[in-house]
Amino acid sequence: MQRGLTAKVGVAGASWARFIFALPFALVSLAFVLASEDGHAAFEPEYVPWLLLGSLAQMAATGTMLLAMRDRSFVTVIAYTKTEPVQVAVFALVLLGERLTLIPALAVLVGTLAVMLLSWPQRGGDVRRDLHSAGLGIVAGAGFALAAVGYRGAITHMHGVSFVTAATITLALTLCIQTVVSIAWLLLANRTALRTLFAAWRESVPAGFAGAAASQFWFLAFALQAAPAVRTLGLIEVLFAQLVSWRVLREKMSAREWLALALLLAALVGILRG
């Protein structure tokens, strides 16, 4: 949905639609959860820095990913960003002290190998364009990795409520930050994109809903499990991306790319068994 918006509102507008139009849905979810919660949230001092790290890193990563999508296919760019699990494992170890056991660690490596195989430049392609897209995709993956670690860090520094409430509060606050920053940025840098974005609300609202729904479950997962395991299991997104690409965007896959997807499936099984 965001890729389709890029043609209408540009990279900046499409990047921020994911946040601006997700906020109303997240607030509705928050109201429902708070009405059902008996506890009272207690925030440790470290909560805000982790929240800001996650919120701003995700915004930077989303914009970088959409820039890469202008040069390469949808599935391939998603694959480049999926170098993220290894980066998450490193960041989680350094920043949170969270370690993976042997089987999940191997699954992270196999999954990363698979996405690199999936996204390796084709023969006869534009090498300069391929390397440029690879660089953007890997940088985007680093941003998503930092975001995952930031969200996990924030949620683990909230107490007194259920994991559902902790995840939902964190998501709502994240989207508030991202919406304010997005609108402020567009007002200063590209007011035309902001006007066009709201004019294209019929396309933006579904993108916002999909983003809010996906984020709700991501945050619930971060509340329950270490970030590297969560994001490695999230490699299943590549399989979904391929289905979307094949059925909607009519982009074809080679035998090598199908092999890479099989390796991804093996990595997912390893995470689940670990």
Under a 10 Å cutoff between Cα atoms, tell me which one of Ala199, Ala147, Ala227 has the largest fluctuation in the Gaussian network model of the chain.
Ala199
With the dipole of the stretch 2-273 defined by +1 on each Lys or Arg Cβ and -1 on each Asp or Glu Cβ, the option from Ala229, Ala17, Ile103 whose Cα lies farthest towards the positive pole is Ala17
If you build a Gaussian network model of the chain, linking Cα atoms that sit under 10 Å apart, which residue out of Leu187, Leu235, Leu117 swings the most?
Leu187
What residue among Ile155, Ala142, Ala167 has its Cα farthest toward the positive end of the dipole of the chain, where the charges are +1 on Lys, Arg and -1 on Asp, Glu, each on the Cβ?
Ala142
Using Cα springs under 10 Å in a Gaussian network model of the chain, which residue among Ala107, Ala68, Ala42 shows the largest mean-square fluctuation?
Ala42
Could you tell me the center-to-center distance, by alpha carbons, between the stretch 127-199 and the stretch 85-114 in angstrom?
22 Å
Using a ≥ b ≥ c from the Cα gyration tensor of the stretch 2-273 (square roots of the eigenvalues), is it rounded, prolate or oblate, where a/c under 1.5 gives rounded and otherwise the larger of a/b and b/c decides, a/b for prolate?
oblate
Cut-off 15 Å between beta-carbons: net charge of the residues surrounding Arg152, Lys and Arg +1, Asp and Glu -1
-2
What's the magnitude of the charge dipole for the chain around its Cα centre, counting Lys and Arg as +1 and Asp and Glu as -1 at the beta-carbon? Answer in Debye, nearest 20.
980 debye
Can you give me the relative contact order of the stretch 2-273 as a percent, contacts being Cα pairs under 8 Å and 6 or more apart?
36 percent
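Here, each number is a calculation from the coordinates, and none is a lab measurement. In this text the structure is predicted, and so the values were computed from the model without any measurement. Virtual Cβ from ideal backbone geometry, glycine too; neighbours counted across all protein chains shown.
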